[in-house]
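Worksheet: the structure to be examined is printed underneath.
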Amino acid sequence: EQAWDITTGGPIVVAVLDTGVDAGHTDLAGRVLRGYNAFTGGSDSGDDNGHGTAVAGLIAAGSDNGRGIAGLCWGCSILPVKVLNSRGGGDDAGVSQGIRWATDNGARVINLSLGGSDESSELREAVEYAASKGVVVVAASGNERTEGNPVSYPAAYPSVIAVGATGN
């Protein structure tokens, strides 16, 4: 709570490329912008899984209000981009399309709490496009626990900030 005396974040647009975001969630009220659905090409970016909403909450949930959780950036807006289906599945083409759409529609940060084991020129080009426009791209390093602990894509690309965790 002491950090809140220093900063609570600014008016930055953070794109959450995931299963969508529930714009009606009480902790996200007024923080979710009109988004994009890579499956339909439309703007219905509602969450049919819950993962994207949870990620968006960690980023921008209403804070110091006595309910829910405290998001990291109180002043951020969430730009929801649905690139994963209700089972959390998607493909590089949809993710790449989502990265480009978010970049062209005001995202300053793109969060990808997703990843895969295979390199893709299409995905690499989309990430490079975002980086060339000054967008910060952050992605999950992976959950596979495989030998050598390889980093997933797109987190493995040089211009992406790879985020991981450790546990016992």
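The values are calculated or read from the model by the stated rules, or taken from the named source; none is laboratory data. For clarity, every value in this text was computed on a predicted model and none was experimentally measured. Virtual Cβ from ideal backbone geometry, glycine too; neighbours counted across all protein chains shown. Quick note on the areas: whole protein, heavy atoms, side chains included, nothing else; ligands and nucleic acids left out. Shrake-Rupley method; radii C 1.70, N 1.55, O 1.52, S 1.80 Å.
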Summed over the other residues with a beta carbon less than 12 angstrom from that of SER77, with K and R at +1 and D and E at -1, the charge totals +3
Rounded to the nearest 10 degrees, the helix 121-132 long axis (Cα) sits at an angle to the longest Cα principal axis of the chain of 40
Helix 51-60: inclination vs the chain longest Cα principal axis, degrees, rounded to 10, gives 50
Options [x] 1, 7, 11, 13, 14, 12, 10, 8, 7, 6, 4, 3, 2, 1, 0, 0, 0; [y] 1, 9, 16, 20, 17, 13, 10, 7, 4, 2, 1, 0; [z] 2, 10, 18, 22, 20, 15, 9, 4, 1, 0 are given for P(r) over Cα pairs in 5 Å bins from 0, in percent, and the computed one is [z]
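Nothing charged except the Cβ atoms of Lys and Arg (+1) and of Asp and Glu (-1): what's the magnitude of the dipole of segment 1-131 about its Cα centre? Round to the nearest 20 debye.
That gives segment 1-131 a dipole magnitude of about 320 debye.
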Only helices counted: for the chain, with every DSSP H run of 4 or more residues adding -39500 (n - 2.57) and the sum spread over all residues, [θ] at 222 nm is -6500 deg cm²/dmol
In Å², rounded to a whole number, the accessible area per residue of segment 64-168 with probe 1.4 Å is 55
